[in-house]
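Contents: one structure, followed by commentary.
We did not get these values from a lab; they are worked out from the coordinates using the rules stated. In this text the structure is predicted, and so the values were computed from the model without any measurement. Ideal geometry is used to build each Cβ from the backbone, glycine not excepted, and the neighbour counts take in all protein chains shown.
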Amino acid sequence: MHQTNINNLIKILGLFKDLKRSGWIKRNVLMPESDADHSFSTCFLAFLLTPQHLNRSHCIELALIHDLAEIYCGDYTPCDNLSPQEKHQLEEQGIIKISKELDMPKIIELFNEFEQQKTEESKFVKALDKLDTVLTACYYDDNKRAPSSLFDEFSSYANKCISEIKSRNINKIKIILSNIIKERNQNDQN
């Protein structure tokens, strides 16, 4: 790796680790996760849950880069009033910059695949991305890291997003999410 690329890598990894997730910041979560934390969790879920007939390594690659562009464009949430086209354009500019800085065109290919949601692997990782947010909300609630409960809001949004993904490969994720919701609701009643 060329010295310029190493310096860019140091910068990119540092920025990724420093970028705190906006959804948690807006809800005053103590010590909110970074984009790098979230990407690692999504990769780990891909490692654990990818069905045998999908390419696990490829799912992990998609999970690694799915939020990478946010280093340069920021982490936008649905309440930021940014159109999907505007968000995509900003993220595309960010991922192109990262790809050039690291001299790695494959990053753009992976980003486009994830954004276009045409492959089964990209659909699966999109569902994992939403599942990870629910798991994180559970963790924050269980450890009283926010002034109010996060689970209902984040599980409702994730459930909506996952139900819109057209793929048989995400049935396991739907079942996991359903079980989490059922268990949390039972615990709330007790």
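Details
- Residue that is surrounded by the most Cβ atoms within 10 Å (Cβ to Cβ), among those in region 126-164 that are polar (S, T, N, Q) and free of Cβ contacts under 8 Å to residues at least 12 places away in the same chain: S149
- For region 175-190, filtered to residues that are more than 12 Å from D152 (Cα to Cα) and not hydrophobic (A, V, I, L, M, F, W, C), the residue that is surrounded by the fewest Cβ atoms within 10 Å (Cβ to Cβ) is N190.
- Residues of region 87-119 classified as farther than 15 Å from S39 by Cβ and without any contact (Cβ under 8 Å) to a residue 60 or more places away in the chain, total: 22
- Among the residues of region 89-110, not a single one is over 30 Å from T4 (Cα atoms), under 17 Å from the mean Cα position of the chain (by Cα) and charged (D, E, K, R).
Yes/no per residue for (1) surrounded by fewer than 19 Cβ atoms within 10 Å (Cβ to Cβ); (2) in a helix (DSSP H, G or I):
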site: N7; (1), (2): yes, yes
site: L15; (1), (2): yes, yes
site: D37; (1), (2): yes, yes
site: L45; (1), (2): no, yes
site: H53; (1), (2): yes, no
